[in-house]
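Take a look at the structure below.
The values are calculated or read from the model by the stated rules, or taken from the named source; none is laboratory data. Because the structure is predicted, anything quoted here is derived from the model rather than measured. A quick note on method: Cβ atoms are made from the backbone with ideal geometry, for glycine too, and the neighbour counts reach across all protein chains shown.
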Amino acid sequence: MTKKEYLDKLTKELGSMSYNDVKDILSDIEDHFTVGISAGKTEEDIANDLGDPKALAADYKEGMDLPKILEKKTVNEKKPKAPEPTSATVCFCVLITVFVAIPAFFSLLAVVLTIVLSEIAVALGGIALLAFFWTFGPFKATGLLGGLALIALAVFGYALSYFAVKYFVLGTKWYIAFIRKTWHEGL
Amino acid sequence: MNNQFKKGVLDLCVLTILKKGDSYGYDVADTLSGKIQVSDGTVYPILRKLASDGLVSTYLKESQNGPPRKYYHLTDEGAKKLEADKQEWDVFTKAVREILEDEDK
């Protein structure tokens, strides 16, 4: 290891120490290199004799009596594990999902699909009617009015289906979040 | 050598080295690692701790070659601490030796 590599490694290992402390420490170790070089040693030898920078940093930290909270956090800290759900929670979640949520989901899905499809059908009907009577002369006015009426209905239907889809999606999301929360936190 | 053994007595050794006269980090490290099997780096955290506890003081002194060096000086407080620790160490090692020799008989 060269002097620079050693100092870089040491800096990294000192982690959360204050800027001034790190500066002081690095200056001491840098001086050690300077004296060693003037005594005829190579950077490599000096670094070797200084010992592992990680161990040196650990010694410094130990000497500092830093509050634990300020020390550099280790990477593999364990996350607190969520408690296992109780059997009552499992029963509740499974039962409500199987007997309430899933039937409700498909019923509502059917309703929403009906609304959306009817809306499309009405709109297409309106356009078709309009196009048809436009082409064939005699009942032009009647056909025109009928077509326009259907198109107006389609616009209304469009608003209806927009809200139906929106609240259907929101409701589904809310339910999933609710079950997840209940599962992890209990009833 | 067992690390647990070393930890407790290195402070004592460093204080003793400085009692003989002021010295700079490299020199203390050299003296210590020449006698005990420790890495040169070991003395720096010790010196820093001793300085923050007021047992040693530091000053900069010009050197013939290179930048000024940081010298360490044993304070009165440090000298007192050294005496106390040394006595404690003597009593302790004597007791340990007696126990170990008793085991050999």
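Name the single residue, out of those in the stretch B:25-40 being surrounded by 13 or more Cβ atoms within 10 Å (Cβ to Cβ) and either assigned to a strand (DSSP E or B) or of a type in the set (S, T, N, Q) (or both), that is farthest from the other protein chains (Cβ to nearest Cβ).
First, pick out the residues of the stretch B:25-40 that are surrounded by 13 or more Cβ atoms within 10 Å (Cβ to Cβ): B:25-33, B:36, B:38-40.
Subset that is either assigned to a strand (DSSP E or B) or of a type in the set (S, T, N, Q) (or both): B:31, B:33, B:39.
Values: B:THR31: 13, B:SER33: 7, B:SER39: 3 Å.
Applying the filter and picking the extreme gives B:THR31.
So, in the stretch B:64-105, of the ones that are surrounded by 11 or more Cβ atoms within 10 Å (Cβ to Cβ) and within 14 Å of chain A (Cβ to nearest Cβ), which residue ends up nearest to B:GLY8 (Cα to Cα)? I'd like the intermediate steps shown before the answer.
Narrowing the stretch B:64-105 to residues surrounded by 11 or more Cβ atoms within 10 Å (Cβ to Cβ): B:66-75, B:77-83, B:85-86, B:88-89, B:92-93.
In the following step, the residues that additionally are within 14 Å of chain A (Cβ to nearest Cβ) were identified as B:66-72.
Values: B:GLY66: 34, B:PRO67: 33, B:PRO68: 31, B:ARG69: 28, B:LYS70: 25, B:TYR71: 23, B:TYR72: 20 Å.
Looking at residues that are surrounded by 11 or more Cβ atoms within 10 Å (Cβ to Cβ) and within 14 Å of chain A (Cβ to nearest Cβ), I get B:TYR72.
Criterion applied to A:GLU71, A:GLU62, A:GLU77 was being at pLDDT 80 or above and over 30 Å from A:THR172 (Cα atoms), and the one residue passing it is A:GLU62.
One residue stands out in the stretch A:36-53 among those that are within 9 Å of chain B (Cβ to nearest Cβ) and part of a loop (DSSP other than H, G, I, E, B): the one that is surrounded by the fewest Cβ atoms within 10 Å (Cβ to Cβ), namely A:ALA39. For first residues located in the stretch A:151-168 and assigned by TED's automatic domain parsing to the domain that holds A:ALA128, partners that are among the polar types (S, T, N, Q) and in a helix (DSSP H, G or I) and lie 6+ apart or on another chain with Cβ distances below 8 Å form the pairs A:GLY157/A:SER118. So, in the stretch A:1-35, how many residues would count as being of a type in the set (Gly, Ala, Ser), more than 19 Å from B:VAL28 (Cβ to Cβ) and not in a loop (DSSP other than H, G, I, E, B)? Selection size over the stretch A:1-35: 0. It is to be established whether one or more residues within the stretch A:85-101 are at pLDDT below 90, within 14 Å of another protein chain (Cβ to nearest Cβ) and part of a loop (DSSP other than H, G, I, E, B). No, there is no match, as no residue in the stretch A:85-101 is at pLDDT below 90, within 14 Å of another protein chain (Cβ to nearest Cβ) and part of a loop (DSSP other than H, G, I, E, B). Among the residues making up the stretch B:49-63, those that are touching a Phe, Trp or Tyr at 6+ places or on another chain (Cβ under 8 Å), outside any helix (DSSP H, G or I) and surrounded by 12 or more Cβ atoms within 10 Å (Cβ to Cβ) are B:VAL56, B:SER57, B:THR58.
Hey, any hits in the stretch B:15-24 for a residue that's over 22 Å from A:MET64 (Cβ atoms), in a strand (DSSP E or B) and either small (Gly, Ala, Ser) or at pLDDT below 90 (or both)? Yes, the stretch B:15-24 contains at least one residue that is over 22 Å from A:MET64 (Cβ atoms), in a strand (DSSP E or B) and either small (Gly, Ala, Ser) or at pLDDT below 90 (or both). Kindly check whether there is at least one residue in the stretch B:16-28 that is under 25 Å from A:ASP52 (Cβ atoms) and under 11 Å from the mean Cα position of the chain (by Cα). Yes, the conditions are met somewhere in the stretch B:16-28.
Could you list all residues from the stretch B:41-60 that are within 12 Å of chain A (Cβ to nearest Cβ) and touching a residue at least 12 places away in the same chain (Cβ under 8 Å)? Those that are within 12 Å of chain A (Cβ to nearest Cβ) and touching a residue at least 12 places away in the same chain (Cβ under 8 Å): B:GLY41, B:THR42, B:VAL43, B:TYR44, B:ILE46, B:LEU47, B:LYS49, B:LEU50, B:ALA51, B:THR58. The criterion of being away from every other protein chain (no Cβ under 13 Å), more than 22 Å from A:ASP31 (Cα to Cα) and surrounded by fewer than 17 Cβ atoms within 10 Å (Cβ to Cβ) holds for B:LYS19.
For the stretch B:64-105, the set of residues classified as out of contact with any Asp or Glu (no Cβ under 9 Å at 6 or more places or on another chain) and not in a helix (DSSP H, G or I) consists of B:GLN64, B:ASN65, B:THR75, B:LYS105, listed by residue number.
The set of residues in the stretch A:18-35 being touching a helix residue (DSSP H, G or I) at 6+ places or on another chain (Cβ under 7 Å) and in contact (Cβ under 8 Å) with a residue 12 or more places away in the chain consists of A:ILE25, A:LEU26, A:ILE29, A:GLU30, A:HIS32, A:PHE33.
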